[in-house]
Amino acid sequence: MSKRTRSKKKQTTNPLQDRRIQIGLGAAILIAVIAILVIVLGGGDDNNAKAEYITLDPVAAYERYSASDNAIIVDVRDQFEWESSTGIPVGAVTYSLNDQLRQNLPSEELVPKDKEVFVICNSGNRSQEASQILIDAGYKDVINIAGGIQAWISAGLPTETYTP
């Protein structure tokens, strides 16, 4: 009886295939590193998202304000404007952008951070700046009233006489 002998074939590797495997592993590691960096640096966490103010027309703002028991209107015009014939929105807190807000934030008692804050000025420009200042200071729910008190009055929304 003759023994069959198996010849062991030397397994050869394809250098091109080895290189593809190395590139694939390198790409996978790179993707994993990028994903970890995005999560660590805040890109994957909604809690780190920067708040932004929204802008509503006066009627929508008034309806939302009226429907809430946790809202406040802040009129950021100057005192001479509050004293003018336009008055201020009913129930509004007065805190001038030019004379006060640019230098100091309002107290928590005057404008609590846990309230929805509606910001109004004369025509809508200063209220945008004031809204951004409040957002930057940590206020979460800030609504800019488009068109200011002029649009408010044109919409027939209620105002009252300013009393210091």
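The values are calculated or read from the model by the stated rules, or taken from the named source; none is laboratory data. From a predicted model like this one, the values you see are computed outputs, not experimental measurements. In this analysis, Cβ positions are derived from the backbone assuming ideal geometry, glycine residues included, and neighbour counts consider all displayed protein chains.
Some notes on this structure:
- Considering region 74-109, the residues that are hydrophobic (A, V, I, L, M, F, W, C) and farther than 16 Å from Pro164 by Cα include one that is modelled with the highest pLDDT, namely Leu97.
- Residue within region 37-50 that is over 22 Å from the mean Cα position of the chain (by Cα) and either within 30 Å of Ser154 (Cα to Cα) or at pLDDT below 75 (or both) present: yes
- Counting residues in region 125-133 that are touching a Cys at 6+ places or on another chain (Cβ under 8 Å) and among the hydrophobic types (A, V, I, L, M, F, W, C) gives one or more.
- Criterion violated by Val111 - all others in (1) closer than 20 Å to Gln150 by Cβ; (2) surrounded by 13 or more Cβ atoms within 10 Å (Cβ to Cβ); (3) among the hydrophobic types (A, V, I, L, M, F, W, C); (4) without any contact (Cβ under 8 Å) to a residue 40 or more places away in the chain satisfied: (1)
- Residue selection: Thr161 satisfies the criterion of being surrounded by fewer than 18 Cβ atoms within 10 Å (Cβ to Cβ) and either of a type in the set (Gly, Ala, Ser) or in contact with a strand residue (DSSP E or B) (Cβ under 9 Å, 6 or more places away or on another chain) (or both).
- Among the residues making up region 123-161, a single one is part of a loop (DSSP other than H, G, I, E, B), among the aliphatic types (A, V, I, L, M) and within 17 Å of Ser96 (Cβ to Cβ): Ala137.
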